[in-house]
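The structure appears right after this line, and notes come after that.
Read-outs throughout are calculated quantities, based only on the coordinates presented, and are distinct from any laboratory measurement. Being a predicted model, the structure only gives us computed values, none of them experimental. Positions of Cβ are backbone-derived with ideal geometry, glycine not excepted, and every protein chain shown enters the neighbour counts.
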Amino acid sequence: MVEKIPMTPDGHARLSAELKRLKNEERPAVIKAIAAAREHGDLSENAEYHAARERQGFIEGRLMELEDKLGRAEVIDVSQLSGSKIVFGAKVKLQDEETDEKVDYQIVGPEESEIEKGLLSINSPVARALLGKEAGDSVEVHTPRGVRYFEVLEVGFG
């Protein structure tokens, strides 16, 4: 059975846009760069040619990866979700019980996580510990840097 990858509509749109850009802009540009570099003669000593071929390899690999992930994507419309428990797509406000620091996260698929933007992978230790919890709950999270404790302040969708 093919393992589905949970994804928000935003995450799916971002990956689709990257796929389109790679196919329609990056791939044709690198093919032109390879052709131009070939015209310069001896390929064994041509740095432009080798750099373009390396870039082409990266692009082709990323294209295959994106097509695979988008093909297995299970897009979950977060705006249709509700409730008080933390599930995929939930937006949560947490407070670190030791430092009182407050953080906001949305639990998203692994392919769209960007911790700097508050997008937390459902596979992360913090997200796994949060699933099923509600506002007011205290959560113990085992992280690579040790155990941390958070209080769930808010749970929302949309």
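Among the listed values (1) 27, 16, 14; (2) 23, 18, 15; (3) 43, 18, 12, the one computed from these coordinates for semi-axes √(5λ) of the Cα gyration tensor in Å is (3).
About its Cα centre, the dipole of the chain is roughly 480 debye, where the only charges are +1 on Lys and Arg Cβ and -1 on Asp and Glu Cβ. 3J(HN,Hα) along the stretch 89-94: x, 5, 9, 10, 10, 10 Hz, from the Karplus curve 6.51 cos²θ - 1.76 cosθ + 1.60 with θ = phi - 60°, whole Hz, x for Gly and Pro.
Straight-line reach from residue 32: taking Cα to Cα under 17 Å and skipping same-chain neighbours fewer than 8 places apart, the lysines in range are 23.
The helix-based estimate of mean residue ellipticity at 222 nm for the chain, built from -39,500 (n - 2.57) per DSSP H run of four or more residues and divided by its residue count, is -11500 deg cm²/dmol to the nearest 500. Amide H contacts of residue 137: 152, each under 5 Å away and 5 or more positions distant or on a separate chain (H built 1.01 Å from N in the peptide plane; Pro and chain starts excluded). The gain in end-to-end length when the residue 3 to residue 101 segment is fully stretched comes to 31.7 nm, 0.36 nm per residue minus the alpha carbon separation. Comparing 82, 41, 158 along the charge dipole axis of the chain, the residue lying farthest to the positive side is 41, per the Cβ-charge model.
Across all directions, the shadow cast by the convex hull of the stretch 5-75 built on its C-alpha atoms averages 4.8 square nanometres.
Under 16 Å between C-alpha atoms is the cut-off here; go through the stretch 78-156 and count lysine pairs that meet it, provided they're at least eight residues apart or on different chains. Total qualifying Lys-Lys pairs in the stretch 78-156 comes to 9. Compactness ratio for the stretch 78-156: Cα radius of gyration over 2.2 N^0.38 Å (N = residue count) comes to 1.00. Here's how it looks for residue 97: its modeled amide H is under 5 Å from those of 149, 150, 151, which are all 5 or more places away or on a different chain.
Across the stretch 24-36, rounded Karplus estimates of 3J(HN,Hα) from the backbone phi angles (6.51 cos²θ - 1.76 cosθ + 1.60, θ = phi - 60°) give 8, 10, 5, 4, x, 5, 6, 5, 5, 5, 5, 4, 5 Hz, Gly and Pro being marked x.
Using the Karplus relation 6.51 cos²θ - 1.76 cosθ + 1.60 with θ = phi - 60°, the per-residue 3J(HN,Hα) values for the stretch 136-146 come to x, 6, 9, 10, 9, 10, 8, 10, x, 8, x Hz, with x marking Gly and Pro.
For residue 108, the residues 5 or more places off, or on other chains, whose built amide H falls under 5 Å of its own are 89, 120, 121, 122.
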